[in-house]
Amino acid sequence: MMQDDDTTPVLARLAALRAMSVKELKVEWDKLFGAEAPNNSRSFLEQRLAYRIQELTFGGLSKPTRQLLDALADEVEGRKVRKSVISDPRNPVIGTRLMREWNGTEHVITVLKDGFDWQGRKYKSLSAIARTITGTQWNGYRFFGLRERKDAA
């Protein structure tokens, strides 16, 4: 088992995890988290304990990073718990109308707070709209001219 003092170098503490039994890892979990280990998976316990040791030594994630990760998780899960909205910095201001002509037809897209409107239908991405318009896979930002040009000097 690891020494109780915080003077043991981090690398030594991390290396010690490999030599511990699952029972010892669970004791270490209780010491570092103040709760019972959630399972008996050796790899899970080692990885999470290693992160916790480093977190306690060097500090955890910043508040803005934690908020960003929480918001991204909400977006992936399809539910919105937090008040912030993750948006691509390439998106124009809400309400902006994007126009693109394709095969002689003009298409107008309106930027919404949480997506895009095209022909009265809401889309999560410009790529989905571009694919519907063209029938092929497109990068939506490129299709609607929102990517920065690398040749501009």
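A few remarks follow.
- Considering residues of region 37-56 that are at pLDDT below 90 and surrounded by fewer than 12 Cβ atoms within 10 Å (Cβ to Cβ) only, the residue farthest from the chain's Cα centre (by Cα): ASN40
So that you can scan it fast, the table gives a plain yes or no per residue for (1) charged (D, E, K, R); (2) crowded, with 17+ Cβ neighbours inside 10 Å; (3) under 21 Å from the mean Cα position of the chain (by Cα):
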site	(1), (2), (3)
TYR123	no, yes, yes
SER127	no, yes, yes
ARG131	yes, no, no
THR136	no, no, no
GLY140	no, yes, yes
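- Here region 57-91 is the region considered, the condition is being out of contact with any Lys or Arg (no Cβ under 9 Å at 6 or more places or on another chain), in a helix (DSSP H, G or I) and of a type in the set (D, E, K, R), and the residue that is modelled with the lowest pLDDT is GLU77.
- Cross-chain or 6+ apart pairs with Cβ under 8 Å, region 94-120 first and without any contact (Cβ under 8 Å) to a residue 12 or more places away in the chain and of a type in the set (Val, Ile, Thr), then assigned to a strand (DSSP E or B) and surrounded by 17 or more Cβ atoms within 10 Å (Cβ to Cβ): VAL108/LEU98; VAL108/TRP118
The values are calculated or read from the model by the stated rules, or taken from the named source; none is laboratory data. Keep in mind it's a predicted model, so treat the numbers as computed, not measured. Glycine also receives a Cβ, built like all others from the backbone with ideal geometry; neighbour counts cover every protein chain displayed.
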